[in-house]
1. Determine, yes or no, whether Ala131 is of a type in the set (A, V, I, L, M, F, W, C), more than 17 Å from Gly35 (Cβ to Cβ), surrounded by 15 or more Cβ atoms within 10 Å (Cβ to Cβ) and more than 13 Å from the chain's Cα centre (by Cα).
2. Just to verify a result, which residue in the range 50-102, among those that are hydroxyl-bearing (Ser, Thr, Tyr) and free of Cβ contacts under 8 Å to residues at least 12 places away in the same chain, is surrounded by the fewest Cβ atoms within 10 Å (Cβ to Cβ)?
3. Those residues that are among the aromatic types (Phe, Trp, Tyr) and more than 28 Å from Leu153 (Cβ to Cβ), I need them from the range 81-135; list them, please.
Amino acid sequence: MSLRRDDTGQSAVQVNPPSKPLPQGSATALRTIAGYEAAKGALVLLAGLGLLGLIHRDVQEAGEELVRHFHLSPSSHYPRIFLELTAKVTDGWLWGLAAGSLLYASLRFAEAYGLWRGKAWAEWLAAISGAIYVPFEMVELIRKFTAPRIASLLVNLLVVGYMLFLLRRRPRTESGASTRNGLE
């Protein structure tokens, strides 16, 4: 809806015609991506809660126990880095990581909600947040060419490309804002 002045200078309300709803396949794809984003948020939130469980505990001892549980050699490269890191962890650092995980999870949950509801802002958020990872994923792929790295990059490129495709198809109002009904 927009407010316009007619030839006599009187204000008149103009109702924008409803936009075409998304085809069923597009709604399903958007909701699949929304579920994926919600799952990422839930995973990070659980990790953050796990970090809170380490507050006031000997994190280095917990790290050593984890290395033993997975039958890793503490003198190997990655377990050694992990154990050196656990020796430096403070409660403040754990609180900071937990708060960061809460912020990240909140962003993912908001994105998932918006995508589920077919909101333009969520499509923009998905496109931008996904595109941020592409250069890092490409660097990692160049360093070592593995199937999980290829899959991660391809999934990310598909999501970003699909969001840009949807945003390009989205009808525009006179103000330039994107509109689309169909998922609500």
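All of the numbers you see were taken from the coordinates with simple rules; none came from a lab. None of these values were measured; they are calculated from a predicted model. Counting neighbours? That spans all protein chains shown, and the Cβs are built from the backbone with ideal geometry, glycine included.
1. So Ala131 fails the test.
2. Among residues in the range 50-102 that are hydroxyl-bearing (Ser, Thr, Tyr) and free of Cβ contacts under 8 Å to residues at least 12 places away in the same chain, the one surrounded by the fewest Cβ atoms within 10 Å (Cβ to Cβ) is Ser75.
3. Trp93, Trp95
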